[in-house]
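Working notes, beginning with the structure itself.
The values are calculated or read from the model by the stated rules, or taken from the named source; none is laboratory data. Small disclaimer: the values here were computed from a predicted structure and weren't measured. For neighbour counting, all protein chains shown are included, and Cβ atoms are generated from backbone atoms with ideal geometry for every residue, glycine included.
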Amino acid sequence: MHALGRLRDGEQNATERRYEAHLEQQKQAGEILWYLFEGIKLKLAPKTFLTVDYAVMSSSGQLEMHDVKGARAIFSDDAKVKMKVAADKYPFVFKVAFPKKRGAGGWEVEEI
């Protein structure tokens with residue numbers, strides 16, 4: 001299984017749009033204060049960057065970086081390494097979100 005490729009900057013795929021709807025529900029419920037799609041680009045090393053799908057501020061004020069994947073199978077080793085390096089370098093919480101299996105609805109979110 002492979003991802004279909006990256007869209008142009010600022011364009012969301014269907015999974016990212018569904019996750020944003022989930023974030024909006026959390027915001028309306030007071031669980032998070034703010035979120036922004038592709039709003040933060042983190043420098044990991046010379047010529048190496050990570051742009052997470054969503055920067056999210058929890059209701060406690062903690063800034064979290066959420067990356068959205070369509071399935072665990074497409075969470076590549078390169079993406080995992082970048083997330084781990086960023087988690088070691090920056091004072092943010094890093095999370096990856098996967099849609100639950102068909103029919104189950106919702107999201108599986110795990111912290112890196």
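Only one entry in 93, 81 is surrounded by fewer than 17 Cβ atoms within 10 Å (Cβ to Cβ), farther than 24 Å from residue 17 by Cβ and either touching a Ser or Thr at 6+ places or on another chain (Cβ under 9 Å) or of a type in the set (Val, Ile, Thr) (or both), namely 81.
Which of the residues that make up segment 18-57 are of a type in the set (S, T, N, Q) and more than 15 Å from residue 96 (Cα to Cα)? Give the derivation first.
Here is the first cut: in segment 18-57, the ones of a type in the set (S, T, N, Q) are 25-26, 28, 48, 51.
Of everything in segment 18-57, those that are of a type in the set (S, T, N, Q) and more than 15 Å from residue 96 (Cα to Cα) turn out to be 25, 26, 28, 48.
Filter segment 78-106 down to the residues that are at pLDDT below 90 and not basic (Lys, Arg), then identify the one that is nearest to the chain's Cα centre (by Cα).
Initial filter on segment 78-106 (at pLDDT below 90): 101-105.
Cutting the leftovers down to not basic (Lys, Arg) gives us 103-105.
Numbers: 103: 22, 104: 20, 105: 18 Å.
Per the criteria, the residue is 105.
Per the conditions (1) exposed (fewer than 14 other Cβ atoms within 10 Å of the Cβ); (2) under 15 Å from the mean Cα position of the chain (by Cα); (3) closer than 15 Å to residue 107 by Cα; (4) at pLDDT 95 or above, the sole criterion not satisfied by residue 66 is (1).
The condition (being surrounded by 15 or more Cβ atoms within 10 Å (Cβ to Cβ) and among the small types (Gly, Ala, Ser)) is satisfied by just one residue among 87, 71: 87.
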